[in-house]
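S.K.: Structure in structure tokens, see below.
Readers should treat all values here as calculations from the given coordinates under stated rules, not as data from a laboratory. What you see is a predicted model, and the numbers here were worked out from it, not measured in a lab. Counting neighbours? That spans all protein chains shown, and the Cβs are built from the backbone with ideal geometry, glycine included.
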Amino acid sequence: MNLMEIFSEVVVVVSVLLPMALLFVVGPSRLWTALSDLRPKLKEAAPGFMALGIVLGINSIARDTGNNLSWIVGVNITGFIHRLEGQFVANLQSMATPTLTSYFSAIYVFGYTFLLVFPLFAYLLHDDTQPLYETVAAYIINYSVGLVCYIAFVAYGPRNLIPELVKPLLYINWPHSQLLTSEVNTNTNVFPSLHTSMSVTVALLSYRFRDIYRRWVPIAWMLAISVAISTMYLGIHWLTDVVVGTVLAVISVVLAARFGDRLRRGMNRVTNDWIGDRAVAYVRRWLQND
């Protein structure tokens, strides 16, 4: 199995879960009404999605160069983290069972992807674009701070530092998943846990906008907690990474809520300045065409 096959498997699973979740969370009648009026919403949300795409692109490009740079300017905190929390991850993993390993492996790959994608679709379908733009803004803050931290700090995960105590359960249970995870992360990029920060961000936003989609709140929190635990259970992250990732999530949501309008105007300016007025105009004309 190659990378494209693994990626296709994730896309298929999320594509199956997404409409089912939309029907359950948004509701059939509300979903049908929103879909029939989708083009204006896409037009208004386009700059935000473009800005998020730019940040993801920068992160992808900077991942390899940033890893090399971190060995020059970064501080190796692996030993400090290990001394701080001792054998916590090893003790957690000692409770491993085949069922739990399968569950947390699926959560780490499929559940996490679904958790991040669903709010973008659900909030896009809502009349008010504020929840969508706050979500996009919070994602951008998470990825931006995460990139800075990955350059400023060198940290190996527990499965790399103490392999005699902590096993790479994800790769043992699903060996081909390493093809996918190696494309988005390196062994020294564990502080903080972006899996945790992004997941908790979604959960916090689900509560902030609970009046919009009440059914989404327990689902988001269940998945977020599962993702956070999975990062440690699978031997990928330390407890410290998870705690700091949770703090980053809180900061991201607070900043996105407090400066929502300013961030929204900024995303429009960044999109127009970086991509150009012609590109934005082209997208908007395309959205207006029947």
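S.K.: Which value does Rg/Rh take for segment 3-288 over its C-alpha atoms, Rh per Kirkwood?
M.R.: Ratio of gyration radius to Kirkwood radius: 0.98.
S.K.: Another question about this same structure. Could you state the orientation-averaged shadow area of the convex hull built on the Cα atoms of segment 1-90, in nm² to one decimal?
M.R.: Answer in nm², one decimal: 11.1.
S.K.: Report the normalised scattering of segment 97-238 as log10 I(q)/I(0) at q = 0.10, 0.15, 0.19 Å⁻¹, calculated by the Debye formula with identical scatterers on the alpha carbons.
M.R.: Reported log10 I(q)/I(0), two decimals: -0.36, -0.77, -1.13.
S.K.: When only Cα pairs under 8 Å and 6 or more residues apart are kept, what is the percent relative contact order across segment 3-288?
M.R.: 30 percent.
S.K.: How many angstrom lie between the Cα centre of segment 85-155 and the Cα centre of segment 211-230?
M.R.: Computed from Cα coordinates, the inter-centre distance equals 11 Å.
S.K.: Using a Debye calculation, one point per C-alpha and no hydration shell, please list log10 I(q)/I(0) for segment 46-179 at q = 0.09, 0.14, 0.20 Å⁻¹ in order.
M.R.: Summing over Cα pairs of segment 46-179 leads to -0.39, -0.91, -1.23.
S.K.: Enumerate the amide H contacts of VAL154 below 5 Å, restricted to partners 5 or more residues apart or on another chain; note that Pro and chain-start residues carry no placed amide H.
M.R.: VAL75, ASN76, ILE77
S.K.: Using the reciprocal of the averaged 1/r over all distinct C-alpha pairs, how large is the Kirkwood radius of segment 208-263 in Å?
M.R.: 13.0
S.K.: How would you rank HIS126, HIS237, going from fewest to most other Cβ atoms within 10 Å of each one's own Cβ?
M.R.: Ranked by crowding around the Cβ, least crowded first: HIS126, HIS237.
S.K.: Now a separate question. Taking neighbour counts of Cβ atoms within 10 Å as a proxy for exposure, in what order, fewest first, do MET222, MET50, MET20, MET232 appear?
M.R.: Going from sparsest to densest Cβ surroundings: MET20, MET222, MET50, MET232.
S.K.: Using Cβ contacts closer than 10 Å as the measure, can you line up GLU5, GLU44 from fewest to most?
M.R.: Ascending Cβ contact count within 10 Å gives the list GLU5, GLU44.
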